[in-house]
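Report on the structure given below.
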Amino acid sequence: MFLLSKLVWLIAQPLSLAFLAAALAAIFSFVGFRKLGGLSALVASLLLFTTLYTTAGPVALQSLENRYAKPTSDPASVSCMIVLGGAFDNEVTSRRGGMEFNQAADRFIESLRLAIRFPQSRILVSGGDGSFSGVYEGEAQASERFFTAFGVSADRLVKENTSRTTFENTENTAEMLKSQGLEQCLLITSAFHMPRSMALFAKAGIPVTPWPVDYRTGGTVRLGFDFTQPSLNAQITATAAREWMAIIGYRMAGRIDGITGLGE
């Protein structure tokens with residue numbers, strides 16, 4: 001299932017679909033099917049234009065980010081927090097050492113802030129190597145270097161270092177929470193990732209408090225044209241497409257009962 005999901009995403013992401021449509025256009029034109037070639041070229045152009053020069057992607061991602069409200073103040077107390085992986089660049093970290101983050105670094109920055117603010121809290125980091133090869137260091141392992149570098153004792157960490165997907169995060173985390181006697185934890189992950197994560201934890205019967213971070217949109221984006229940042233639009237569109245595809249796939253597979261949240 002893990003490898004299948006990786007292969008599906010390799011083909012189904014917006015720029016890959018645009019490339020496939022353009023390739024088909026070239027093939028159809030070469031063999032004499034000019035109408036099919038023209039139609040394929042049109043599809044490729046529309047996909048590229050929508051991805052690069054509209055706010056369709058940001059709006060789709062924003063609809064997920066807005067489902068759970070951004071916390072306005074810290075809770076009175078925190079006994080434990082669950083930090084979902086996806087913030088370390090595992091390949092670079094494994095090859096060069098140290099701590100190399102990607103755009104989701106807020107997951108660990110916020111958990112560090114809360115760990116310092118609530119020194120009695122435990123930190124469960126869930127995340128292994130989600131690559132095809134599986135040869136890189138997992139995020140939970142790398143997180144120990146991060147937290148201890150800022151004075152957080154390693155004995156406060158609970159490391160779940162085998163998960164490759166959000167579904168595996170939930171399954172493996174449930175076992176570790178039980179074994180460690182941890183309950184009513186904060187769930188820290190990217191805002192767009194929170195609806196699916198909360199649905200999985202709800203399905204598993206694990207009560208958690210959503211603590212969304214790593215926002216990628218301003219929250220008030222409207223559908224329209226945007227010619228100012230095509231590369232960023234493409235990146236956000238890919239993120240939105242991947243998350244919505246995962247939600248649909250999980251729902252069809254019965255892994256979640258649907259997504260909830262505040263919405264707008």
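Name the residue from Gly219, Ala234, Pro207 whose Cα lies farthest towards the positive end of the charge dipole of segment 192-264, charges +1 on Cβ of Lys and Arg and -1 on Cβ of Asp and Glu.
The Cα lying farthest towards the positive end belongs to Pro207.
Which loop-located chymotrypsin sites (Phe, Trp or Tyr not before Pro) does segment 130-216 contain, where loop means any DSSP state but H, G, I, E or B and the Cβ has at most 13 other Cβ atoms within 10 Å?
Those satisfying the criteria are Phe132, Phe150.
Using alpha-carbon positions, what is the distance between the centroids of segment 207-264 and segment 39-90, in Å?
When both Cα centres are located, 4 Å separates them.
Under 5 Å between amide hydrogens, which residues at least 5 positions from Arg67 or on another chain qualify, with H placed 1.01 Å from N in the peptide plane?
Correct list: Gly263.
If N is the number of residues in segment 80-213, what value comes out of its Cα radius of gyration divided by 2.2 N^0.38 Å?
0.96
Averaging over every viewing direction, what projected area does the convex hull of the Cα atoms of segment 8-94 cover, in nm²?
For the Cα atoms of segment 8-94, the hull's average projected area reads 10.2 nm².
Roughly how many whole Å is it from the C-alpha centroid of segment 109-130 to that of segment 134-201?
Centre-to-centre (Cα) distance: 8 Å.
Given a cut-off of under 8 Å on Cα pairs at least six residues apart, what relative contact order in percent is computed for segment 80-213?
Relative contact order for segment 80-213 comes out at 27 percent.
Could you work out [θ]222 nm for the chain from helices alone, using -39500 (n - 2.57) per DSSP H run of at least four and dividing by all its residues? Round to the nearest 500 deg cm²/dmol.
-16500 deg cm²/dmol
How do 193-199, 229-235 rank on mean C-beta neighbours within 10 Å, highest first?
Put in order of decreasing packing, that is 193-199, 229-235.
Which of the following values of Cα Rg over 2.2 N^0.38 Å was calculated from the structure shown: (i) 0.97; (ii) 1.11; (iii) 1.24?
Given (i) 0.97; (ii) 1.11; (iii) 1.24, the structure-derived one carries the label (ii).
Using a simple charge model, +1 on the beta-carbon of Lys and Arg, -1 on the beta-carbon of Asp and Glu, nothing else, what dipole does segment 200-264 show about its Cα centre, in debye to the nearest 20?
So the dipole magnitude of segment 200-264 works out to roughly 180 debye.
Please give the residues of segment 80-99, grouped as numeric ranges, whose backbone N is less than 15 Å from a label point set 7 Å along the Cα-to-Cβ vector of Gln235.
Correct set: 87-89.
About its Cα centre, what dipole magnitude does the chain give when the only charges are +1 on Lys and Arg Cβ and -1 on Asp and Glu Cβ, stated in debye to the nearest 20?
Using Cβ point charges on Lys, Arg, Asp and Glu, the chain gives about 520 debye.
Which length gain, in nm to one decimal place, applies between Gln103 and Met252 when the Cα-Cα distance is subtracted from 0.36 nm times their residue separation?
That works out to 50.7 nm of additional length.
For the chain, what is the percent of antiparallel DSSP beta bridges, rounded to the nearest 5?
Among the beta bridges of the chain, antiparallel pairing accounts for roughly 10 percent.
Among residues other than Trp9 whose Cβ falls under 15 Å from its Cβ, what is the net charge (Lys/Arg +1, Asp/Glu -1)?
My count for the surroundings of Trp9 gives +3.
Taking the alpha-carbon distance from Lys6 and a cut-off under 16 Å, which aspartates and glutamates remain once sequence neighbours fewer than 8 residues away in the same chain are dropped?
The qualifying aspartates and glutamates are Asp129, Glu168, Glu243.
Using R₀ = 35 Å, calculate the FRET efficiency as 1/(1 + (r/R₀)^6) where r is the Cβ-Cβ separation of Lys203 and Ser73; round to 0.05.
0.75
Where Lys and Arg each count +1 and Asp and Glu each count -1, what net charge lies around Ser126 among other residues with Cβ under 12 Å from its Cβ?
Computed value for this residue: -2.
Need one number: nm distance between label points at Val8 and Tyr53, each 7 Å from Cα along Cα→Cβ, rounded to one decimal.
A separation of 3.2 nm, rounded to one decimal place.
Quick check on segment 80-213: of the DSSP beta bridges with both residues there, what percent are antiparallel, nearest 5%?
Approximately 5 percent, going by the DSSP bridge assignments.
Relative to the Cα centre, what is the charge dipole magnitude of segment 100-154, using +1 at the beta carbon of each Lys and Arg, -1 at the beta carbon of each Asp and Glu, and rounding to the nearest 20 debye?
The dipole magnitude comes to about 320 debye.
The numbers here are math on the coordinates, done by the rules we state, and not lab data. The model shown is predicted, which means the values in this text are computed figures rather than measured ones. Cβ: placed from backbone, ideal geometry, glycine included. Neighbour counts: every protein chain shown.
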